[in-house]
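None of the figures in this text is laboratory data; all of them are computed from the coordinates on show. Values in this document were obtained by computation on a predicted structure and should not be read as measured data. Methodologically, a virtual Cβ is constructed for each residue, glycine included, from the backbone with ideal geometry; neighbour enumeration extends over all protein chains shown.
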Amino acid sequence: MRDLRAPLVCLIAALALSGCMGRTSPVAGDPALDSMAYGQQGFAVPAPMAVAYADPAPTREAYNLGPGDKLRVVVYGQEGLTNSYAIDAAGAITMPLIGSVPARGRTPAGLAAEITGRLRNGYIREPSVAVEIEAYRPFFILGEVAAPGQYPYVPNMTVESAVAIAGGFSPRAQRDQVTLTHTDASGAGRFVVPLGTPIGPGDTVFVGERWF
């Protein structure tokens, strides 16, 4: 019996070893799994998702008041002060009690704060003031248009609509660009712009003459 045990143990060990060697690795040795993992043999790896970052929406520049603007000033509970006021050539409005109030270059909210401070100084204990634009100051269009001059400003106007209001181009007009003079809190600037450019209250549009 002792002589038979040794060959039997060796036979069992050999069979076990051959079984282990016959198995393939479930990760590295299987072509199907390799193709799924690495995108080979017709299996595509999903492309990374593209992310688009939108630029922040442009913010509208705060409107700066100027001579020619007509304002509606509301002082709540004070009918004698609530009224329409035009900004004069000196850039101010004149109100009862507080007199002349500088408005040129201020925003409507800034002017309301100034009026509130003046009324609180010896006139009304807790004034509440709102300022709204009732009518904008006019714009000007000069040069090669049918009827150059001064016209009421309408919100969202462009150079093209300004030309239309002035009766259109003259036969000698340069029709692809104009010179726009714009004034804001930082000062006046002159720009050569296309017809789709927005204009603001008080701007001057100059339509030049074409050379051929």
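For an R0 of 41 angstrom, estimate the FRET efficiency from the Cβ-Cβ distance between residue 147 and residue 97 and round to the nearest 0.05. Let's see the in-between values first.
Working: r = 43 Å, r/R0 = 1.06.
Calculated transfer efficiency: 0.40.
Taking amide H atoms as placed 1.01 Å from N in the peptide plane, list the residues 5 or more away in sequence, or in a different chain, whose amide H sits under 5 Å from that of residue 210.
173, 174
From the C-alpha coordinates alone, can you work out the Kirkwood hydrodynamic radius of the stretch 53-212, in Å? Present the calculation step by step, with values, prior to reporting the outcome.
On the way: mean 1/r = 0.0567 Å⁻¹.
That comes to 17.6 Å for the stretch 53-212.
Return P(r) of the stretch 119-166 (all Cα-Cα pairs; 5 Å bins starting at 0; whole %; ordered from short to long distances).
All Cα pairs, binned at 5 Å, distribute as 5, 17, 20, 12, 8, 6, 6, 8, 7, 7, 3, 0 percent.
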